[in-house]
Amino acid sequence: VVPGETALAFYRAKNPTDKPVIGISTYNVVPFEAGQYFNKIQCFCFEEQRLNPQEEVDMPVFFYIDPEFAEDPKMAKVDLITLSYTFFEAKEGQKLPLPGYQ
Amino acid sequence: MSTAMNFSSKSFTPRPPDKGAFPLDHFGECSAFKERFMECLRRSGYESAACRQSAKAYLECRMDRRVRPPGPGAETGQASPQQLMANEPLEKLGFKDLINEKSEEKPEKS
């Protein structure tokens, strides 16, 4: 991935149960310091998503790495950034601490 | 989520996406485009820059589709159809150079 260029990535999620599941996901970036340069244009995260029984879906993330990443001397040795998502079941009345979204 | 204990000028807190969330492609309408993109990545050794045409095609597929989200209301048709992706000019999505390329290539195609 070239800093400043938009890129697409796919994850896949499956609901292995026989009941519909409403899930919500949040993300993490490793190494920690690279997270500030990670910009999501659009993704499946932070909003509740419904998966029907046995349903399997592709989950895209459209993002770019801030070009300032290439200028940051602390990032000089970073050539691998890992983006991970945790997708968990939304419970009634549960409120994720959404960062000013919606 | 780790709490940030650093004092650098930029700190990492989860940020919502600029253009919001993608509705799920429950019916796999754009799966073929996704497969083409993944194939391209495998062929190119996972070099994202090599597969931007396929990525652009996938996003165009999403913008063209209108589906009813499954769940309550889907059967009765009460749930209003939604796009898999809101229409955005391709230049704003970082594909400006690809659009110009396309129009230059066209006369050369047999």
Using the per-residue mean of other Cβ atoms lying within 10 Å as a proxy for protection, in what order, highest first, do the peptides B:28-37, A:66-75, A:43-52 fall? A:43-52, B:28-37, A:66-75
3J(HN,Hα) from dihedral phi, the range A:6-17, Karplus parametrisation 6.51/-1.76/1.60, rounded to Hz, x for glycine, proline: 6, 9, 10, 9, 10, 10, 10, 10, 10, 9, x, 8
Taking the Cβ of residue A:75 as the center, what net charge do the other residues with Cβ under 11 Å away carry, scoring Lys and Arg +1 and Asp and Glu -1? -4
Can you give the local net charge around residue B:52? Use residues other than it whose beta-carbon is closer than 9 angstrom to its beta-carbon, Lys and Arg +1, Asp and Glu -1. -1
Within the P(r) computed for the range B:27-67, what percentage of the Cα pairs occupies the region above 16 Å? 32 percent
Counting pairs of alpha carbon atoms under 8 Å apart in space and at least six apart in sequence, what relative contact order in percent does chain A give? 40 percent
Shielding by partners, peptide A:10-17 (average Cβ within 10 angstrom, other chains): 1
HN-Hα J in Hz across the range B:16-29 - Karplus 6.51, -1.76, 1.60, θ = phi - 60°, x for Gly and Pro: x, x, 4, 10, x, 9, 6, x, 5, 8, 4, 9, x, 5
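Relative contact order for the range B:27-67: what is it in percent, counting Cα pairs under 8 Å that are at least 6 residues apart?
44 percent
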If the only charges are +1 at each Lys and Arg Cβ and -1 at each Asp and Glu Cβ, what is the size of the charge dipole of the range A:5-89 around the Cα centre, to the nearest 20 debye? 240 debye
Beyond a 18 Å Cα-Cα separation, which of these cross-linked pairs lie in this structure: A:19/A:91; B:19/B:92; A:91/B:19? A:91/B:19
Residues meeting the amide H criterion for residue A:44 (H placed from the backbone, H to H distance under 5 Å, 5 or more places apart or on another chain) are B:22
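Bear in mind that the values in this text are calculations on the coordinates, not laboratory data. Remember, predicted model here, so these are calculated numbers, not experimental data. Because the Cβ atoms are built from the backbone with ideal geometry, glycine has one as well, and the counts that use them run over all protein chains shown.
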